[in-house]
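Structure first, then comments.
The values are calculated or read from the model by the stated rules, or taken from the named source; none is laboratory data. Note that the structure is a prediction, hence the values are computed from the model and not measured. So basically every Cβ, Gly included, is an ideal-geometry build from the backbone, and we count neighbours across all protein chains shown.
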Amino acid sequence: MRIKLILIGWAGFLAFDLIAQNTPTNPEKFPPTIVADKKVHFVSVDNAFKPANSNWVASLKVLTGADHVTEPVTVGGHEGVRVMGIKFNTADSQYPFWAEQHQIDILMQVFGDDALLDEKGRPRYFNFLTGTLPEPIAVDGGEIPVSAKNGRWNWVLFRISNGLRHMDGGRLVGTIHPKARGDSPVAGVSVLSGQNGGTIRLDGLHDLKVRFVAFGEKGAFGEPKQVNVFASTP
């Protein structure tokens, strides 16, 4: 009888895990996989999302200008921003926190349209530029499946590495390059001046529509395979 109970319990655990990984998350709510004791910095473009818990701080800001111009957009019933250039740039007023983090999780809510695919209908890679100019480093966030082009707002989750600079050993995200130039050391990837604006820059996804961005400790939002599940086209 004891073995039978263990088997039933294990089967129940597996069933729950499969549901968590195969059920699209409601875009009007945070993913249920959020871990409450992890630190998160975020920005809600349309102010629809409040801190999920006391470890969440609204310290991010979407920048615009130079090669990271954005414009307001309304699509799918919600307001967001549209990437007009070739980069999407987000600054963090509390960037020093990331100096001790080997990896950073990035939770975004993006609209599922052609911007997620290339000209042949294949998934685009989400490449992130980390590190203050003049020594930024590109890191690969991976790709999301074609099913993300569903005409809906979708939660997507990426995990990127936060490497060390060769010059001084500082973290690419969380510290300022010794030779960085600009008006104010307020970022972590760079200072707020022209191309030196932002903390983590998403590179190469022109026309992407974004409603929400959050940087979190590893595991703060769950695992990418749990979050990156997409509803069908309405």
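So here's what we get for this one:
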quantity	calculated
Qualifying residue in region 65-78 (condition: aliphatic (A, V, I, L, M), out of contact with any strand residue (DSSP E or B) (no Cβ under 7 Å at 6 or more places or on another chain) and under 30 Å from Asp168 (Cβ atoms))	yes
Unmet requirement for Ala187, which otherwise passes all of (1) within 22 Å of Ser93 (Cβ to Cβ); (2) at pLDDT 80 or above; (3) surrounded by 19 or more Cβ atoms within 10 Å (Cβ to Cβ)	(2)
Any chance Leu107 is modelled with pLDDT of 90 or more, crowded, with 21+ Cβ neighbours inside 10 Å and either under 29 Å from Asp46 (Cβ atoms) or out of contact with any Phe, Trp or Tyr (no Cβ under 9 Å at 6 or more places or on another chain) (or both)	yes
Restricting region 19-58 to residues that are modelled with pLDDT under 95 and surrounded by 15 or more Cβ atoms within 10 Å (Cβ to Cβ), the residue that is nearest to Phe212 (Cα to Cα)	Thr25
Filter result (of a type in the set (A, V, I, L, M, F, W, C) and under 17 Å from the mean Cα position of the chain (by Cα)) within region 120-136	Phe126, Phe128, Leu129
Neighbours by Cβ (under 7 Å, 6+ apart or cross-chain): first from region 73-87, in contact (Cβ under 8 Å) with a residue 12 or more places away in the chain; second in a strand (DSSP E or B) and surrounded by fewer than 16 Cβ atoms within 10 Å (Cβ to Cβ)	Glu79/Pro72; Val81/Glu71; Val81/Pro72; Arg82/Glu71; Met84/Glu71
The listed residue being under 19 Å from Ile104 (Cβ atoms), crowded, with 20+ Cβ neighbours inside 10 Å and at pLDDT 95 or above, out of Ile144, Ile200, Ile160	Ile160
Ile144 β-branched (Val, Ile, Thr) and under 15 Å from Gly163 (Cα atoms)	no
Where Leu14 falls short, out of the listed (1) at pLDDT 95 or above; (2) more than 18 Å from Trp155 (Cβ to Cβ)	(1)
Qualifying residues in region 137-157 (those that are of a type in the set (D, E, K, R) and over 18 Å from Val83 (Cβ atoms)) - the one nearest to the chain's Cα centre (by Cα)	Asp140
Conditions (1) in contact with a helix residue (DSSP H, G or I) (Cβ under 6 Å, 6 or more places away or on another chain); (2) modelled with pLDDT of 95 or more; (3) over 24 Å from Ile34 (Cα atoms): number failed by Leu133	(2)
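Here is a yes/no grid of residues against (1) buried (at least 16 other Cβ atoms within 10 Å of the Cβ); (2) of a type in the set (A, V, I, L, M); (3) modelled with pLDDT of 90 or more:
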position	(1), (2), (3)
Asp140	no, no, yes
Arg152	yes, no, yes
Ala214	yes, yes, yes
Gly222	yes, no, yes
Phe230	yes, no, yes
